[in-house]
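Structure, as structure tokens:
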Amino acid sequence: KLLLLPRDPNDDKNVIVEIRAGAGGDEASLFAAMLMRMYLRYAERHGLTAAVLSVNDTEIGGVKEAVLSVTGRGAFSRLKYESGVHRIQRVPVTEANGKKQTSTATVAVLPEMEVDIKPDDLRIDTYRASGHGGQYINRTDSAVRITHLPTGLVVTCQDEKSQLKNREQAMKVLKSRLYDLYRTKADSEYASNRRAQVGTGERNERIRTYNFNEGRVTDHRIGLTLYRVDAIVDGDLDEIIDALTLDEQARKLRELR
């Protein structure tokens, strides 16, 4: 029966993972940094190749925004369920009164796509990379900023020392964002139905809570609660992703009847 199910054509594609701090100030940026490490560790556990394409970090070690590239067979099929709003509940290290705080971060998982882009639609700027504490600083204009003029999308990449490599990586991110933008517009008439589906990536939905006070992680889409938050944020996501995959397969099987 599973073989009869329609397969997501993007399942075997490489992915771009975008992580952004949400509500919660410094704690939200620390949470975003935690999620970035979680996905890097997950990729490492599964033999996938992960690279940080760009990161906007903070002085306290947090992350305002990070863009990762994850390559390898089945990367999208495993990570596509991570799109959405993630929530953390814990006592921040900066909280002297022991008061629990709730913060959020958003994750977008986009398949790496080939999209036709006209050269005239791009403005490409180069500049010197920079970062807190001196990291990423070099003496050449290796960082690249690409602006897609028709849509206003802006992509930057400064992780590589080579301007050519940064340009190639930035183009990958731009193509994935454009694909997501065009797909969202095309699917807008089906938005109400897609919100009910697991893994659609609606950015305004809270999909998961990481509660450190109780040591639990709850995925709200399927009502799954696991009491091993430390292992999960260390990249041990298989039990959650497997459950989400099974839930989606069960839904598709019901639709075949």
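The values are calculated or read from the model by the stated rules, or taken from the named source; none is laboratory data. Predicted model only: the values in this text are computed from it and were never measured. Note: ideal-geometry Cβ built from the backbone for every residue, glycine included; neighbour counts use all protein chains shown. Remember, those area values only see protein heavy atoms, side chains included, never the ligands or the DNA or RNA. Shrake-Rupley method; radii C 1.70, N 1.55, O 1.52, S 1.80 Å.
Here are some notes:
- When the stretch 41-64 is filtered for residues that are under 17 Å from S176 (Cα atoms) and crowded, with 18+ Cβ neighbours inside 10 Å, the ones remaining, listed by number, are A50, L53, S54.
- Checked against (1) open to solvent by 40 Å² or more (accessible area, probe 1.4 Å); (2) within 14 Å of the chain's Cα centre (by Cα); (3) modelled with pLDDT of 90 or more, E112 passes all but a single condition, namely (3).
- Residue count for the stretch 71-109, restricted to those that are under 16 Å from T218 (Cα atoms), of a type in the set (K, R) and either modelled with pLDDT under 90 or surrounded by fewer than 20 Cβ atoms within 10 Å (Cβ to Cβ) (or both): 1
- Contact annotation: residue pairs with Cβ atoms under 7 Å, 6 or more positions apart or on different chains, pairing a residue in the stretch 59-78 that is within 16 Å of M36 (Cβ to Cβ) with a partner that is hydroxyl-bearing (S, T, Y) and assigned to a loop (DSSP other than H, G, I, E, B), are K64/T58.
- Selected residue (criterion: farthest from N56 (Cα to Cα)) from residues of the stretch 140-155 that are of a type outside the set (D, E) and at pLDDT below 90: T140
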